[in-house]
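A short worksheet on the structure shown next.
FYI, it's all coordinate maths here, none of it is from the lab. What you are looking at is a predicted structure, and each value in this text was computed from that prediction instead of being measured. A quick note on method: Cβ atoms are made from the backbone with ideal geometry, for glycine too, and the neighbour counts reach across all protein chains shown.
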Amino acid sequence: MPVKKKVHAVAIEASKPKPPFTKGQLLEFLRQMLGIRRMEERCAQAYGQGTIGGFCHLYIGQEAVAVGALAATRPDDYVLTTYRDHGMALARGIRPEQIFAELFGRIGGCSKGRGGSMHLFDKEKNFLGGHGIVGAHIPLGTGTAFASKYRGEDRVTLCFFGEGAVQNGAFHESLNLAALWELPIVYVCENNRYGMGTALERASSLLDLHKRAESYGMTHSLVDGMDVLEVYTQVKKAVDGARKGIPSFLETRTYRFRGHSMSDPIHSHYRTKEEVEGERQNDPVLRLLATLEEMGLANQEEFDAIDREVSAEVKAAMEAAMKSPEPDPATVYNFVYANDPYGGKRPS
Amino acid sequence: MANLSIREALNQAMAEEMERDPGVFLMGEEVGLYNGAYKVSQGLLAKFGPNRVVDTPISECGFAGVGIGAAMAGLRPIVEMMTFNFALQAIDQVINNAAKMLLMSGGQFNIPIVIRGPNGAAHMLAAQHSQSFESFYSHVPGLKVVTYSDPKDAKGLLKSSIRDNDPVIFLESESTYGLKGDVPEGERLIPLGKGEVKRQGMDLTIISWSKMVPLVALKVADELQKEGIEAEVVDPRTLKPLDEEIIFRSVKKTNRAVIIEEGSRFCGVGAEIAERIYKACYDDLDAPVERVTSLDVPMPYAHSLESDVLPSVKRGLEAARKVLYM
């Protein structure tokens, strides 16, 4: 079906005033974003060498969303995301060696080698995956928010998904239920413009996706997803609202600098090299560095020092993960049932 | 001993478990204000309030997912599907989320949820309201599939299912909600994975579950008795995990087996059971295992056709005579 080229109706407004960030906070953002960037680069390398199997979706370009958003949460808040989950897991505090070990299919992985790239989990960190079916985890996040309200707790759920999920039923059913029941949840759409190779304008009747929340009478806003300070500010506001029982929907505009997965080239039929190069000028890591320089809080030299440190940590984590053994085939029936009717034996 | 309908037995099971554990709640379409589409949840809203008896919109994918998410957060939801025919809207949630979460997370997130509601045909409800789904769910690793055929089992098995730490698909039936029977007073749990011999016999084994037990299998046994043939009726109750031993024990005694199930024939649960019987009782069988199933057609509306599609006493008797070479 031919689709008319559409343009976004509104420009993204920056929130004013921004909260006063401390130098420590800003440098922590930088360190985390660089950590994700360097970890993902290592993943690309490992994938090329065959150390990582299956599908592998890199987060490069979207770091500001995970880092800014999760900095606005409490450790007891619930976080759920998509299969593009490495960066989110790291920003949630899962140790990089556990992430690498999971990607390598080792027992030291945060899902004990059972989940892989798309299914990172950490119960202690309230990181509830890592989900592989587009949109299907949105009802789950709605359910954790339901549980908070049921128990009278003030724990908030942050549920991340791509703009591809906004077209499916699970998303719409969830938003309706969350608004109907006033659940403590913030839905964060990471609009990176492409659902695999399908541009948003070829998939959505509405380009300002945040406005979809209006159908449910839900608070919504549009966020510059390449600006970590902006993401933090807006998510913080939304999280504070959710704690009082006001769910909301944030559309963060971001961009992935790599292909959809490792088997998708950076640019091909669906987007041009020029477009990707143009977006790279808006690199969230470099933008934060520019802000830091502007504020006189850091310079290139300090940036390089942090980068070297972070890169060394990532490398060490990767090497440590390689030492973790693969799961023993004798344990293949582990984790199928919690009340195992077969008593750990192989069923006939 | 109280004489209860299956509807009352299920209601008691939920009420007792909700009383016992504040994490147990009921969610679904019409479960609260309306008191249940089939009145299984009658009175629960009045007793437990709207926080624990949650009416939902017609949004099966959404509320099944909410239940699974709530289970990830440690609650124990009972999700009522008005019928399992509607649960297809939620089957992605059940298969991709409920069944796989424990393994995907390396053992961190078990899903203690019960998804319950009527399964299979009732009376002239036509194609989209009449399918039997036990083989669909039984095929999925990570799920448990539970059925019952009388009020005592309905209560004891639902209580166990609610306490179980895994996702349980609990299959009921519109046509037997009113069926009455004795239910022991007080707490009586029936473990998942344990079947029961519903009628003793020496001449052949009829394996059947859910409403096929009272509506077909036991009636076939009654008819056979008039001819001096004693059929043993075995109800595995839980289809997954399956109580193979109770089946094998009976078949080794009678040397003949008929499986009666409401599901359609191709890839039915009965095919799995037959294969296991062949393997475990090969030397004991005096006749090939017979299967009585629904015909492989979408359910037609007309009474004459519907009756033809569903397993009947007549077809049960024919199968029994076949294994007896009569």
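Things to note:
- In segment A:310-339, the residues that are within 14 Å of chain B (Cβ to nearest Cβ) and not in a loop (DSSP other than H, G, I, E, B): A:Thr331
- Residues satisfying the stated conditions in segment B:128-160, i.e. more than 21 Å from B:Asn96 (Cβ to Cβ) and assigned to a helix (DSSP H, G or I): B:Gln128, B:His129, B:Pro151, B:Lys152, B:Asp153, B:Ala154, B:Lys155, B:Gly156, B:Leu157, B:Leu158, B:Lys159, B:Ser160
- Where helices (runs of 4 or more DSSP H) fall entirely within segment A:19-100, those with at least 2 residues that are β-branched (Val, Ile, Thr) are at A:63-71.
- Qualifying residue in segment A:198-221 (condition: within 30 Å of A:Arg258 (Cβ to Cβ), within 14 Å of chain B (Cβ to nearest Cβ) and not β-branched (Val, Ile, Thr)): no
- Selection within segment A:115-152: residues that are in contact (Cβ under 8 Å) with a residue 60 or more places away in the chain and either more than 9 Å from chain B (Cβ to nearest Cβ) or not in a loop (DSSP other than H, G, I, E, B) (or both). The member of this set that is farthest from A:Met218 (Cα to Cα) is A:Ser117.
- Residue in segment B:5-24 that is over 27 Å from B:Glu187 (Cα atoms) and either of a type outside the set (A, V, I, L, M, F, W, C) or not in a helix (DSSP H, G or I) (or both) present: no
- Residue count for segment A:80-114, restricted to those that are within 13 Å of chain B (Cβ to nearest Cβ) and at positive phi: 3
- Residue within segment A:201-217 that is touching a residue at least 40 places away in the same chain (Cβ under 8 Å), assigned to a loop (DSSP other than H, G, I, E, B) and touching a His at 6+ places or on another chain (Cβ under 8 Å) present: yes
- Just one of the numbered conditions (1) buried (at least 19 other Cβ atoms within 10 Å of the Cβ); (2) closer than 22 Å to B:Gly263 by Cβ; (3) not hydroxyl-bearing (Ser, Thr, Tyr) is not true of B:Gly156: (2).
- Across segment B:55-75, the qualifying residues are those that are farther than 20 Å from A:Cys159 by Cα and surrounded by fewer than 22 Cβ atoms within 10 Å (Cβ to Cβ), and the one among them that is nearest to the other protein chains (Cβ to nearest Cβ) is B:Pro57.
- Restricting segment B:28-50 to residues that are within 17 Å of B:Ala13 (Cβ to Cβ) and among the charged types (D, E, K, R), the residue that is farthest from the chain's Cα centre (by Cα): B:Lys47
- Restricting segment B:231-272 to residues that are of a type in the set (D, E, K, R), assigned to a helix (DSSP H, G or I) and touching a residue at least 40 places away in the same chain (Cβ under 8 Å), the residue that is farthest from A:Asn339 (Cα to Cα): B:Lys253
- Test: residue in segment A:184-196 that is within 9 Å of another protein chain (Cβ to nearest Cβ) and surrounded by 20 or more Cβ atoms within 10 Å (Cβ to Cβ): no
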